[in-house]
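*Asks:* Before anything else, here's the structure in question.
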Number of protein chains: 2
Amino acid sequence: MNHALLKGLRVIESSAFVAAPLAGLTLAQFGADVIRIDPIGGGIDYGRLPLMPGGRSLYWTGLNKSKRSLAVDLRSPRGRELIQELAAAAGVLLTNIASSWLSHAVLAERRSDVITCTISGNADGSTAVDYTVNCATGYPAITGGGSLDAPVNNVVPAWDFACGYQAAFAILAAVDSRRRTGEGAEPKIALSDVAFCALSHLGLLTEVELLGRERESIGNHVYGAFGRDFGTADGRRVMIVAISAGQWTALVQACDAAAAMAELESSLGLSFRNEGDRYAARESIAAVVASWCAARPLAEITRVFDQHRVCWGLYRSVGDLLANDPRVSPAAEVFEQIETAGVGRHLAAGTPVRVGAQPRGPIRPAPLVGQHTDEVLQDLLGLDSATLGRLHDARIVGGPELDPTAINGAGGPRRERAV
Amino acid sequence: MNHALLKGLRVIESSAFVAAPLAGLTLAQFGADVIRIDPIGGGIDYGRLPLMPGGRSLYWTGLNKSKRSLAVDLRSPRGRELIQELAAAAGVLLTNIASSWLSHAVLAERRSDVITCTISGNADGSTAVDYTVNCATGYPAITGGGSLDAPVNNVVPAWDFACGYQAAFAILAAVDSRRRTGEGAEPKIALSDVAFCALSHLGLLTEVELLGRERESIGNHVYGAFGRDFGTADGRRVMIVAISAGQWTALVQACDAAAAMAELESSLGLSFRNEGDRYAARESIAAVVASWCAARPLAEITRVFDQHRVCWGLYRSVGDLLANDPRVSPAAEVFEQIETAGVGRHLAAGTPVRVGAQPRGPIRPAPLVGQHTDEVLQDLLGLDSATLGRLHDARIVGGPELDPTAINGAGGPRRERAV
């Protein structure tokens, strides 16, 4: 937990990959009790790369921080019934795994005001992932100077992120509505809808529909204003942006380029106060800025740009970011050192949201699969030790000792069962 | 409005660019009454490209659908006071424009339980935009086969989207908490934190910290499993992904490649049931799939892939998407034809979230700046006609007739003031 704003909210999560786990993480980071339902031994993304030598996935442990895990045989009738009971007890289910036995209708029979949030690839339920949606957005044809014949994919899973955060939002909207009306809800989000709606929100759809204009493929230039990457005298690379008038003035002053720009404006018949004119003249402007940057080492550029409040950033590798950028360090409020079983001690992020006077609680590490099986069944369903023992013996549920990454001690101490 | 789940929630938005307007749009699409505060004549992004011939921005009208707009002189003391009164009356302020006179502390003096959500570039309040944050994430060095010397920027504003949705989520969490505790809150979100936290959530930070490993720059290959783009016999391009075991089996069957894959597995000493092994052998696997695709036109590939439920997608331009993909059409539930003043009739997206039995209300077009000045001041502050008239005469507030894109009729009919 990071904040306690959502204290009291309880969510059952049955999920894999990025969007749905991220939605659960977002809720957990605000203090919701998010309980993962995992198959004994872990689900289909439990071994996704990158892996620690002992087998723990840094991807999975990254997305499932601050949650609890209950391991259950999802094919056994009693196992399914337990999950239905848990979802009804919690009142909120978050899932991207379509299961008829865990549908909204089935759960609503147990609890009429249940909230079921389902994420799918396409709205018709067919499969799609970030990459197979992104290719249809037109973006790969205009990224990195690419084209339809030589498209450039995003590496950032942009649509997964947007979809996950939208799902977390939709759950809160449904919870808020339930608090006022007493009624449940069934929000459904398709990854493809998230991406295509974004094209409408940013104006790209209307641009083609009404103006018949496709966005140009302009490499690292920023569309609609001025911005591009530039090399420094000492071999580093910086991104410089001048979207607002203030950013433009700052850049011109920092590069001592007022005369050069006035000359360009006069020869091109443009006014660079106008961001559209800066965009039109981007190559000419970039030539001036490129000369200035190429003649100076990064240290000097940093000093001058920060003095003039230029909007700029340094290209970094992840290792460079971790080693040299104070925004990613234990000193930054959103980061913290945590200890994850099977991983070790490492820097981890909580929620990026800082909430004024609210105290920030510790970031709990991702669980082992089944780490909270007993406590969840006791807390939510009131099962006693004898019943828990029978469920374990019948392999209907499992504890952390059945987590494959916990074998050989790689996953931390094997916990004795409470029964 | 699209859903009425948030009916009764009222938000004052003072914003520009992508993240904050998107947060407001997200709230508006769920039924919140989101009221933009705009300078008379429009704010710094009101003329951002792309533009209609009459000057209306498709970017601005895309991000500000379903909101109301009040135009006010932000420099006049009475104008500022009006906005403070409105924020206190609404109880929620969303902004990415730092103004000391509109700070949480100032508003809390008028209303102790006010919620103020502020988006900034960096947490210290310094400027940053999507591009100047993204360059520090390491992604441009591994996108499109790029490197630190030749980075490839995202064109999708991924962090803006993540940040906007996080802000909408944070506001709802604060509203939910206020409903229970009676206390306000001050969520603050920095764009840079959103991006850097994502690196933690996806495991990239820990990979470098504990394993000393930077992600490779692998072009259009999908990291950690199998996926890449392929050309068809008729000159189209498809993205194919096999992350899960089911997706892999589907692809192998569709391409009739079981024997070829068995041979590869045997010669490489790998098992392609394991997604990590598929990733290791990605070039060899891709060669087989490439031959299969290159020998077939898109129509045949579509038929075979859909029959086998392969996870794939077609690379499209935005125009192709709009013309040929039924997911982006008036028939798709999330889209609708709307009429925007100064733009005309066009396809527009509501929220990507479908909410079960909830009826979907109409998508309201983006307002002209000042279109709702009088009704908002009447509704929220109870100002009478005489007072409104004096405010207009003193140019402290403005109506839609002062919207520069409404001149010459391009912005639709010039409305007579109610006073």
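*Asks:* Residue check, B:Ala287 against (1) more than 10 Å from chain A (Cβ to nearest Cβ); (2) touching a residue at least 40 places away in the same chain (Cβ under 8 Å), all met but one. Which one?
*Replies:* B:Ala287 satisfies all of (1) more than 10 Å from chain A (Cβ to nearest Cβ); (2) touching a residue at least 40 places away in the same chain (Cβ under 8 Å) except (2).
*Asks:* In addition: Restricting the search to the range A:1-13, which residues are open to solvent by less than 30 Å² (accessible area, probe 1.4 Å) and part of a strand (DSSP E or B)? Working first, answer last.
*Replies:* Step one: of the range A:1-13, the residues open to solvent by less than 30 Å² (accessible area, probe 1.4 Å) are A:2-3, A:5-6, A:9, A:11-13.
A:Val11, A:Ile12, A:Glu13, listed by residue number.
*Asks:* If you go through the range A:126-136 one residue at a time, how many are within 7 Å of another protein chain (Cβ to nearest Cβ) and closer than 24 Å to A:Glu209 by Cα?
*Replies:* Going through the range A:126-136 one residue at a time, the tally reaches 4.
*Asks:* Pick from the range A:229-247 the residues that are assigned to a strand (DSSP E or B) and closer than 11 Å to A:Trp312 by Cα: which of them is most open to solvent (accessible area, probe 1.4 Å)? Explain how you work it out, then say what you get.
*Replies:* Keep residues of the range A:229-247 that are assigned to a strand (DSSP E or B), which gives A:229-231, A:237-242.
If we keep only those that are closer than 11 Å to A:Trp312 by Cα too, we end up with A:229-230, A:237-242.
On the way: A:Asp229: 13, A:Phe230: 1, A:Arg237: 58, A:Val238: 0, A:Met239: 0, A:Ile240: 0, A:Val241: 0, A:Ala242: 0 Å².
In this case the residue turns out to be A:Arg237.
*Asks:* Can you tell me which residues in the range B:310-337 are within 7 Å of another protein chain (Cβ to nearest Cβ) and free of Cβ contacts under 8 Å to residues at least 12 places away in the same chain?
*Replies:* The answer is B:Arg316, B:Ser317, B:Val318, B:Gly319, B:Leu321, B:Asp325, B:Arg327.
*Asks:* Determine which member of the set B:Val318, B:Val304, B:Val289, B:Val310 is touching an Asp or Glu at 6+ places or on another chain (Cβ under 8 Å) and among the β-branched types (Val, Ile, Thr). Walk me through it before giving the result.
*Replies:* Values: B:Val304 fails: touching an Asp or Glu at 6+ places or on another chain (Cβ under 8 Å); B:Val289 fails: touching an Asp or Glu at 6+ places or on another chain (Cβ under 8 Å); B:Val310 fails: touching an Asp or Glu at 6+ places or on another chain (Cβ under 8 Å).
Result: B:Val318 is the single residue among B:Val318, B:Val304, B:Val289, B:Val310 that is touching an Asp or Glu at 6+ places or on another chain (Cβ under 8 Å) and among the β-branched types (Val, Ile, Thr).
*Asks:* Also, I was wondering about something else. Considering (1) within 30 Å of B:Arg179 (Cβ to Cβ); (2) of a type outside the set (Ser, Thr, Tyr); (3) at pLDDT 95 or above, say which one B:Ala98 fails and leave the rest.
*Replies:* If we test B:Ala98 against (1) within 30 Å of B:Arg179 (Cβ to Cβ); (2) of a type outside the set (Ser, Thr, Tyr); (3) at pLDDT 95 or above, just (3) comes out false.
*Asks:* While we're on this one: Anything in the range B:17-26 that is open to solvent by less than 10 Å² (accessible area, probe 1.4 Å) and facing chain A (nearest Cβ under 8 Å)? List them, or say none.
*Replies:* B:Leu22, B:Leu25, B:Thr26
*Asks:* Within the set of pairs 6+ apart or on separate chains, which have a first residue in the range B:128-149 that is closer than 16 Å to A:Cys311 by Cα and open to solvent by less than 10 Å² (accessible area, probe 1.4 Å), a second that is assigned to a loop (DSSP other than H, G, I, E, B) and aromatic (Phe, Trp, Tyr), and C-beta atoms under 8 Å apart?
*Replies:* Listed pairs, sorted by first residue: B:Cys135/A:Tyr315; B:Ala136/A:Tyr315.
*Asks:* Within the range A:204-228, work out how many residues are closer than 17 Å to A:Thr143 by Cα and either surrounded by fewer than 17 Cβ atoms within 10 Å (Cβ to Cβ) or among the β-branched types (Val, Ile, Thr) (or both).
*Replies:* 4
*Asks:* Kindly establish whether B:His201 is more than 7 Å from chain A (Cβ to nearest Cβ) and in contact with a strand residue (DSSP E or B) (Cβ under 9 Å, 6 or more places away or on another chain). Even if it seems obvious, please write down each step before you answer.
*Replies:* On the way: more than 7 Å from chain A (Cβ to nearest Cβ): no; in contact with a strand residue (DSSP E or B) (Cβ under 9 Å, 6 or more places away or on another chain): yes.
So B:His201 does not fit the description; no.
*Asks:* Which ones in the range A:388-419 are assigned to a loop (DSSP other than H, G, I, E, B), modelled with pLDDT under 95 and open to solvent by 60 Å² or more (accessible area, probe 1.4 Å)?
*Replies:* Let us first name the residues in the range A:388-419 that are assigned to a loop (DSSP other than H, G, I, E, B), namely A:394-396, A:399, A:403, A:410-419.
Filter once more, keeping what is modelled with pLDDT under 95: A:410-419.
If the condition is that a residue be assigned to a loop (DSSP other than H, G, I, E, B), modelled with pLDDT under 95 and open to solvent by 60 Å² or more (accessible area, probe 1.4 Å), then A:Pro413, A:Arg414, A:Arg415, A:Glu416, A:Arg417, A:Ala418, A:Val419 are the ones that fit.
*Asks:* Another question, then. Of all residues in the range A:208-228, which are outside any loop (DSSP other than H, G, I, E, B), facing chain B (nearest Cβ under 7 Å) and either among the hydroxyl-bearing types (Ser, Thr, Tyr) or closer than 24 Å to A:Ala245 by Cα (or both)?
*Replies:* A:Gly227
*Asks:* Across the range B:150-174, what is the total count of residues that are open to solvent by 10 Å² or more (accessible area, probe 1.4 Å) and of a type in the set (Val, Ile, Thr)?
*Replies:* Qualifying residue count, the range B:150-174: 2.
*Asks:* Would you mention how many residues in the range A:153-189 are at the interface with chain B (Cβ under 7 Å from one of its Cβ atoms), in contact (Cβ under 8 Å) with a residue 12 or more places away in the chain and farther than 18 Å from A:Gln29 by Cα?
*Replies:* 9
*Asks:* Tell me the residue from A:Val106, A:Val92 that is away from chain B (no Cβ under 11 Å), out of contact with any His (no Cβ under 9 Å at 6 or more places or on another chain) and more than 26 Å from B:Asp176 (Cα to Cα), please.
*Replies:* Numbers: A:Val92 fails: more than 26 Å from B:Asp176 (Cα to Cα).
Only one candidate qualifies: A:Val106.
*Asks:* If you take the residues in the range B:375-387 that are open to solvent by 10 Å² or more (accessible area, probe 1.4 Å) and within 18 Å of B:Ser69 (Cα to Cα), which one is farthest from the other protein chains (Cβ to nearest Cβ)?
*Replies:* If we take residues in the range B:375-387 being open to solvent by 10 Å² or more (accessible area, probe 1.4 Å) and within 18 Å of B:Ser69 (Cα to Cα), then B:Leu383 is farthest from the other protein chains (Cβ to nearest Cβ).
*Asks:* Out of the strands (runs of 3 or more DSSP E) lying entirely within the range A:14-132, which hold 3 or more residues that are closer than 26 Å to B:Pro352 by Cβ? Let's see the steps before the verdict.
*Replies:* Numbers: elements: A:33-39, A:68-72, A:92-95, A:115-120.
Once the strands (runs of 3 or more DSSP E) in the range A:14-132 are filtered for at least 3 residues that are closer than 26 Å to B:Pro352 by Cβ, what remains is A:33-39, A:92-95, A:115-120.
*Asks:* Looking at the structure I just gave you, is B:Gly125 at pLDDT below 95 and under 26 Å from A:Gln307 (Cα atoms)?
*Replies:* Numbers: at pLDDT below 95: yes; under 26 Å from A:Gln307 (Cα atoms): yes.
Judged against the criteria, B:Gly125 is a match.
*Asks:* Okay, moving on. Exactly one condition in (1) within 7 Å of chain A (Cβ to nearest Cβ); (2) open to solvent by 10 Å² or more (accessible area, probe 1.4 Å); (3) under 13 Å from B:Val129 (Cα atoms) is false for B:Ser192; which is it?
*Replies:* Condition not satisfied by B:Ser192: (2).
*Asks:* Only residues that are within 10 Å of another protein chain (Cβ to nearest Cβ) and not hydrophobic (A, V, I, L, M, F, W, C): list them for the range B:338-367, please.
*Replies:* B:Thr340, B:Gly344, B:Arg345, B:His346, B:Gly350, B:Thr351, B:Pro352, B:Arg354, B:Gly356, B:Gln358, listed by residue number.
*Asks:* Which number in (1) part of a helix (DSSP H, G or I); (2) closer than 17 Å to B:Val155 by Cα; (3) touching a Lys or Arg at 6+ places or on another chain (Cβ under 9 Å) marks the one condition that A:Val194 misses?
*Replies:* (3)
*Asks:* Of the residues in the range B:72-127, how many are farther than 16 Å from B:Ile12 by Cβ, loosely packed, with under 15 Cβ neighbours inside 10 Å, touching a helix residue (DSSP H, G or I) at 6+ places or on another chain (Cβ under 9 Å) and touching a residue at least 60 places away in the same chain (Cβ under 8 Å)?
*Replies:* Residues meeting the conditions: 1.
*Asks:* Look at the range B:254-279 and say how many of its residues are open to solvent by 50 Å² or more (accessible area, probe 1.4 Å), more than 14 Å from chain A (Cβ to nearest Cβ) and outside any helix (DSSP H, G or I).
*Replies:* The total comes to 2.
*Asks:* Next up: Among all residue pairs at least 6 apart or on different chains, which show Cβ distances below 7 Å where the first residue, located in the range A:194-210, is of a type in the set (D, E, K, R) and the second is open to solvent by less than 10 Å² (accessible area, probe 1.4 Å)?
*Replies:* Listed pairs, sorted by first residue: A:Glu207/B:Pro50; A:Glu207/B:Leu58; A:Glu209/B:Leu347.
*Asks:* Another one. What single numbered condition from (1) touching a residue at least 60 places away in the same chain (Cβ under 8 Å); (2) within 8 Å of chain A (Cβ to nearest Cβ) fails to hold for B:Pro50?
*Replies:* Result: B:Pro50 fails condition (1) only.
*Asks:* Hey, could you check the range A:175-189 for residues that are assigned to a helix (DSSP H, G or I) and among the β-branched types (Val, Ile, Thr) and say which is surrounded by the fewest Cβ atoms within 10 Å (Cβ to Cβ)? So that I can check it myself, show each step before the final result.
*Replies:* Filtering the range A:175-189 for residues assigned to a helix (DSSP H, G or I) gives A:175-181.
Narrowing further to those that are among the β-branched types (Val, Ile, Thr): A:175, A:181.
On the way: A:Val175: 23, A:Thr181: 13.
Applying the filter and picking the extreme gives A:Thr181.
The values are calculated or read from the model by the stated rules, or taken from the named source; none is laboratory data. Being a predicted model, the structure only gives us computed values, none of them experimental. For neighbour counting, all protein chains shown are included, and Cβ atoms are generated from backbone atoms with ideal geometry for every residue, glycine included. Remember, those area values only see protein heavy atoms, side chains included, never the ligands or the DNA or RNA. Shrake-Rupley method; radii C 1.70, N 1.55, O 1.52, S 1.80 Å.
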